[in-house]
Amino acid sequence: MMADTPLHPLAHLVAPRSIALVGASERPGSIGEQTLTNLTKHSDFAGPLYLVHPKQTGMRGMQAWPSVADLPEAPDVALIVVPAAQVPQVVEDCAARGVRFAMILSSGFGEAGEEGAAAQDALVASARAAGMRIYGPNCPGLVNINLRLGLTFSPAYPEDLTSGPIGLATQGGGLGRNVLQAMERGIGVGLWASTGNEADLQVADFIDYMVDAPDIRVIVTMLEGVSDGPRLMAALARAAKAKKPVVALKIGKSDYGRKAAQSHTASLTGSAEVNSAVFREFGVIEVDDIDELADIAWLLARATPDARDGLAIYCGSGGTAALAADIVGTSGLRLSTFSEDTLASLGNDLPSYAAIENPVDTTTAVLADDSLTERTLQAVARDPDVAMVLVPNALEYGRASALQARAIAEVQEKVDIPILPIWMSDRLGEGYRHLVDTGFAPPRSLGKAIAATRRWVEYGKWRTAAGDLPATNHIAPADHAPRALSEVEGKSRLNAAGIRTLQSALAGSREEAIAVAERIGFPVVAKVASEHIAHKTEADGVHVGLADADAVGMAWDRIVAGAGRMHPDVQIDGALIEEMAPSGGIELMVGVTRDPVFGHILTFGLGGVHVEILRDVTRRLLPLDRPRAEAMVREIRGFALLDGARGRTRADVDAVIELLLALSRFVEAHADTIEEIDLNPVWVGPQGSGAVPLDALIVAREPRS
């Protein structure tokens with residue numbers, strides 16, 4: 001006999017067996033009164049509800065207790081709606097009484113400056129000492145719509161009760177309820193956790209919970225900031241392994257958005273590029289606005305995509321069909337090719353002037369035959385090359401639109417692939433309402449519908465091809481100030497790690513520079529050597545193509561003069577004399593940065609000046625494995641240059657991949673000290689010639705020797 005599956009740690013928060021409402025009130029319009037109303041009038045909670053009020057002995061026919069300490073049992077959840085000044089004592093009482101979860105709706109903590117943050121930290125310390133978890137503070141609460149339970153003060157809760165398979169975890173409240181209210185077009189949300197300041201429990205914890213929740217098929221999250229990267233990545237990794245889709249909207253992509261998000265949540269917003277890279281690693285579907293979030297989430301809830309990507313367009317308007325096909329094409333999506341059987345079926349049913357190849361234009365023929373839509377749409381939906389059928393409806397056409405909506409619903413019952421009706425008209429009629437009532441949640445424009453379709457197709461390909469996920473550990477840096485290593489020292493460390501650089505030596509005088517150059521062999525490069533000068537060219541510190549001793553001597557003079565002029569107070573170690581890279585080749589860049597939230601991130605792309613102008617780069621979490629290293633090399637738009645485009649010699653791509661893996665191993669071995677690595681440019685030549693960093697900057701956190 002199998003043992004029972006253990007409950008998730010948040011099970012009795014999401015579905016409590018008993019609740020205490022601390023701050024219950026009968027004063028109309030107060031938070032305590034509205035919360036009490038939501039729990040008693042608009043929820044179906046069958047367990048004990050304990051009301052706590054310091055002066056009243058009862059309200060609404062229910063007994064009230066003066067404090068949590070006086071309750072007859074320790075409830076699973078204490079819902080706290082008292083003023084901020086009273087919260088610390090209530091939390092202490094809850095901890096002492098053995099309450100599992102303290103849900104603090106009250107504001108005036110981490111979002112309210114240093115004093116509020118200190119008070120919030122004290123709440124957490126008090127709770128942790130007793131093993132109690134804190135939800136909030138400064139939040140609207142939690143609603144489990146599938147259980148019809150509203151742990152919230154929101155007056156909108158009674159109207160937002162369309163249950164469904166979408167789980168929603170947000171930090172802010174307003175945007176979360178906006179998603180809830182997408183129920184007006186048929187979208188159902190089963191659970192919404194809005195975590196507020198995240199003093200203890202975070203969005204990541206609810207993503208983790210929803211991975212195992214059988215009533216949740218799609219996880220949706222909106223993040224203003226991330227304070228615990230490993231925690232979030234661990235939850236996303238669990239979702240990825242369970243093949244449960246996660247849709248995310250990250251707020252704070254621009255400077256304006258970052259500033260607003262920080263003022264709202266007081267949490268780290270992070271780099272938009274890094275956040276997006278982390279999402280891609282775990283198969284998270286990142287969207288740009290609320291409409292797109294709702295559209296793709298509901299599409300995923302309706303149908304799980306696979307590797308198939310053929311789309312069909314079915315329409316009664318030629319212009320609308322052409323416009324839809326245009327947007328499909330410009331979005332990088334593929335129109336399916338109908339089989340001969342499909343074409344024959346359409347040809348038999350539709351008039352000769354109808355378009356039966358994809359996209360399908362049924363013309364007005366469907367107006368004269370009520371059954372024609374059902375027969376022809378079903379033929380399209382059953383074609384073996386079709387993964388989804390888009391049905392754009394440009395106008396509200398009364399009875400005809402209503403009949404089409406009914407036909408769409410009837411066909412959907414008979415086919416396995418999703419049909420996506422698109423309601424383009426601002427006029428909503430019976431047809432639109434029928435689509436909403438039958439669970440289609442029609443997008444309101446072609447652009448929105450096809451954007452959601454693209455995300456759906458891309459997720460299907462990721463889902464079927466997903467390989468190993470990245471590690472989710474994050475090593476904190478050593479407790480030392482960072483310092484930039486000199487290029488000499490940096491390249492020495494790279495060489496020791498098996499990363500080849502060009503032959504070079506440090507020269508401490510003009511004569512020594514010439515001697516080193518003669519030993520290496522002309523032509524050579526001369527660079528200023530100083531750990532204090534990161535941007536050598538700005539100090540006239542880089543001279544290339546030095547063909548003889550006189551050129552090396554003159555370069556030495558200019559390096560010394562330029563360094564003295566630009567950096568008169570820093571130590572100059574001399575000049576690094578280095579062999580020239582062979583002519584030709586391609587310049588790449590490889591960089592590593594330590595993100596304060598997610599840890600080490602490797603960036604790869606075209607190098608030299610191209611990285612600043614084209615910004616053709618891709619990113620991965622470290623450490624890398626070979627499949628992920630290979631994928632990021634092929635991901636850049638400029639990969640064709642490496643792959644021998646237009647008759648070019650194919651570059652040594654294998655050497656580039658080996659360089660990325662070697663650098664990853666180097667960072668992993670020194671993860672507590674490496675702050676930044678910049679290898680730019682990296683020279684790569686034809687196959688067999690290797691990939692060699694020409695310049696290397698390493699910033700490390702370690703004590704000076």
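Of the residues that sit in the range 153-172 and are touching a residue at least 60 places away in the same chain (Cβ under 8 Å) and closer than 20 Å to T37 by Cβ, which one is surrounded by the most Cβ atoms within 10 Å (Cβ to Cβ)?
Looking only at the range 153-172, we keep the residues that are touching a residue at least 60 places away in the same chain (Cβ under 8 Å), and these are 153-155, 157-158, 161, 164-166, 171-172.
Subset that is closer than 20 Å to T37 by Cβ: 153-155, 157-158, 161.
Details: F153: 21, S154: 21, P155: 11, Y157: 25, P158: 13, L161: 16.
Among those residues, the one meeting the criterion is Y157.
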TODO: Select from the range 86-103 the residues that are farther than 20 Å from Q202 by Cα and charged (D, E, K, R) and list them in ascending order.
DONE: E92, D93, R97
Open item on the list: Being in contact with a Pro (Cβ under 8 Å, 6 or more places away or on another chain) and surrounded by fewer than 21 Cβ atoms within 10 Å (Cβ to Cβ): is that true of G98 here?
Closed with: no
Open item on the list: Residue under question is A441, and the condition is that it be touching a residue at least 40 places away in the same chain (Cβ under 8 Å), hydrophobic (A, V, I, L, M, F, W, C) and at positive phi; does it hold?
Closed with: yes
Open item on the list: If I go through the range 173-195 residue by residue, how many of them are open to solvent by 10 Å² or more (accessible area, probe 1.4 Å) and assigned to a loop (DSSP other than H, G, I, E, B)?
Closed with: 2
Open item on the list: Quick check on the range 526-558: of everything there that is hydrophobic (A, V, I, L, M, F, W, C) and assigned to a loop (DSSP other than H, G, I, E, B), which residue is nearest to I577 (Cα to Cα)?
Closed with: A547
Open item on the list: If I go through the range 282-317 residue by residue, how many of them are crowded, with 24+ Cβ neighbours inside 10 Å, at pLDDT 95 or above, under 24 Å from V360 (Cβ atoms) and among the small types (G, A, S)?
Closed with: 1
Open item on the list: I need the full set of residues from the range 587-621 which are open to solvent by 10 Å² or more (accessible area, probe 1.4 Å), out of contact with any Gly (no Cβ under 8 Å at 6 or more places or on another chain) and hydrophobic (A, V, I, L, M, F, W, C), in order please.
Closed with: V609, I613
Task: Of all residues in the range 318-335 being part of a helix (DSSP H, G or I) and polar (S, T, N, Q), the one that is nearest to T363 (Cα to Cα) - done: T320
- [ ] Kindly establish whether V203 is of a type in the set (A, V, I, L, M, F, W, C), within 21 Å of P596 (Cβ to Cβ), open to solvent by 10 Å² or more (accessible area, probe 1.4 Å) and out of contact with any Phe, Trp or Tyr (no Cβ under 7 Å at 6 or more places or on another chain).
- [x] no
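Among the listed residues V52, V82, V68, identify the single one that is within 22 Å of D200 (Cβ to Cβ), without any contact (Cβ under 8 Å) to a residue 40 or more places away in the chain, touching a helix residue (DSSP H, G or I) at 6+ places or on another chain (Cβ under 8 Å) and open to solvent by less than 20 Å² (accessible area, probe 1.4 Å). If you could, list the steps in order and put the result at the bottom.
Numbers: V82 fails: without any contact (Cβ under 8 Å) to a residue 40 or more places away in the chain; V68 fails: without any contact (Cβ under 8 Å) to a residue 40 or more places away in the chain.
Matching residue, one of V52, V82, V68: V52.
State yes or no: is D557 open to solvent by 40 Å² or more (accessible area, probe 1.4 Å) and under 14 Å from I572 (Cα atoms)?
So D557 fits the description; yes.
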Open item on the list: Need the failing condition index for L446 against (1) over 23 Å from P623 (Cα atoms); (2) open to solvent by 20 Å² or more (accessible area, probe 1.4 Å); (3) hydrophobic (A, V, I, L, M, F, W, C); (4) touching a Leu at 6+ places or on another chain (Cβ under 8 Å), just the number.
Closed with: (2)
Task: Filtered residue count, the range 596-639, keeping only those that are farther than 24 Å from G467 by Cα and assigned to a strand (DSSP E or B) - done: 1
Task: Residue count for the range 1-36, restricted to those that are open to solvent by 20 Å² or more (accessible area, probe 1.4 Å), within 37 Å of the chain's Cα centre (by Cα) and among the hydroxyl-bearing types (S, T, Y) - done: 1
- [ ] Could you tell me whether the range 363-374 includes any residue that is in contact with a strand residue (DSSP E or B) (Cβ under 9 Å, 6 or more places away or on another chain) and modelled with pLDDT of 95 or more?
- [x] no
TODO: Would you mind finding the one in L606, L602, L576 that is more than 23 Å from G545 (Cα to Cα), in contact (Cβ under 8 Å) with a residue 12 or more places away in the chain and hydrophobic (A, V, I, L, M, F, W, C)?
DONE: L602
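Determine whether A466 is among the hydrophobic types (A, V, I, L, M, F, W, C) and more than 30 Å from E286 (Cβ to Cβ). Talk me through it step by step, then tell me what you get.
On the way: among the hydrophobic types (A, V, I, L, M, F, W, C): yes; more than 30 Å from E286 (Cβ to Cβ): no.
When the stated conditions are applied, A466 does not pass them.
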Task: Meets criteria (modelled with pLDDT under 95 and buried (at least 23 other Cβ atoms within 10 Å of the Cβ)) for T221 - done: no
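For (1) small (G, A, S); (2) over 23 Å from S271 (Cβ atoms), each residue gets a yes or a no:
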{"position": "R558", "(1), (2)": "no, yes"}
{"position": "P582", "(1), (2)": "no, yes"}
{"position": "G591", "(1), (2)": "yes, no"}
{"position": "F598", "(1), (2)": "no, no"}
{"position": "T618", "(1), (2)": "no, no"}
{"position": "P623", "(1), (2)": "no, no"}
{"position": "R626", "(1), (2)": "no, yes"}
{"position": "A631", "(1), (2)": "yes, no"}
{"position": "R634", "(1), (2)": "no, yes"}
Task: Total residues in the range 421-439, condition open to solvent by less than 10 Å² (accessible area, probe 1.4 Å) and under 28 Å from the mean Cα position of the chain (by Cα) - done: 2
Open item on the list: Please go through the range 346-398 and give me each residue that is part of a loop (DSSP other than H, G, I, E, B), within 22 Å of G310 (Cα to Cα) and open to solvent by 40 Å² or more (accessible area, probe 1.4 Å), ordered by number.
Closed with: I356, E357, R382, P384, D385
TODO: Of all residues in the range 42-67, count the ones that are under 23 Å from N144 (Cα atoms) and outside any loop (DSSP other than H, G, I, E, B).
DONE: 4
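Matching residues to (1) of a type in the set (A, V, I, L, M, F, W, C); (2) under 17 Å from D205 (Cα atoms); (3) within 14 Å of the chain's Cα centre (by Cα); (4) modelled with pLDDT under 95:
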{"residue": "V226", "(1), (2), (3), (4)": "yes, yes, yes, yes"}
{"residue": "G229", "(1), (2), (3), (4)": "no, yes, yes, yes"}
{"residue": "L232", "(1), (2), (3), (4)": "yes, yes, yes, no"}
{"residue": "G257", "(1), (2), (3), (4)": "no, no, no, yes"}
{"residue": "A272", "(1), (2), (3), (4)": "yes, no, yes, yes"}
{"residue": "S276", "(1), (2), (3), (4)": "no, no, yes, yes"}
Task: Every residue from the range 554-589 that is touching a helix residue (DSSP H, G or I) at 6+ places or on another chain (Cβ under 6 Å) and closer than 30 Å to A471 by Cβ - done: M589
- [ ] Quickly run through the range 126-148 and pick out the residues that are assigned to a helix (DSSP H, G or I) and open to solvent by less than 60 Å² (accessible area, probe 1.4 Å).
- [x] S126, A127, A130, I145, N146
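Would you tally the residues in the range 193-213 being out of contact with any strand residue (DSSP E or B) (no Cβ under 6 Å at 6 or more places or on another chain) and either aliphatic (A, V, I, L, M) or closer than 24 Å to N178 by Cα (or both)? Spell out the reasoning first.
Taking the range 193-213 as the starting set, the residues that turn out to be out of contact with any strand residue (DSSP E or B) (no Cβ under 6 Å at 6 or more places or on another chain) are 195-198, 202, 204-205, 208-209, 211-213.
Within this subset, residues satisfying the condition of being either aliphatic (A, V, I, L, M) or closer than 24 Å to N178 by Cα (or both) are 195-198, 202, 204-205, 208-209, 211, 213.
Number satisfying all stated conditions: 11.
The values are calculated or read from the model by the stated rules, or taken from the named source; none is laboratory data. Only a predicted model underlies this, so the values are computations on that prediction, with no experimental measurement involved. Heads up, the Cβs are rebuilt from the backbone with ideal geometry, glycines too, and the neighbour counts pull from every protein chain shown. Side chains are part of the model used for accessible areas, which takes the heavy atoms of the whole protein and leaves out ligands, DNA and RNA. Shrake-Rupley method; radii C 1.70, N 1.55, O 1.52, S 1.80 Å.
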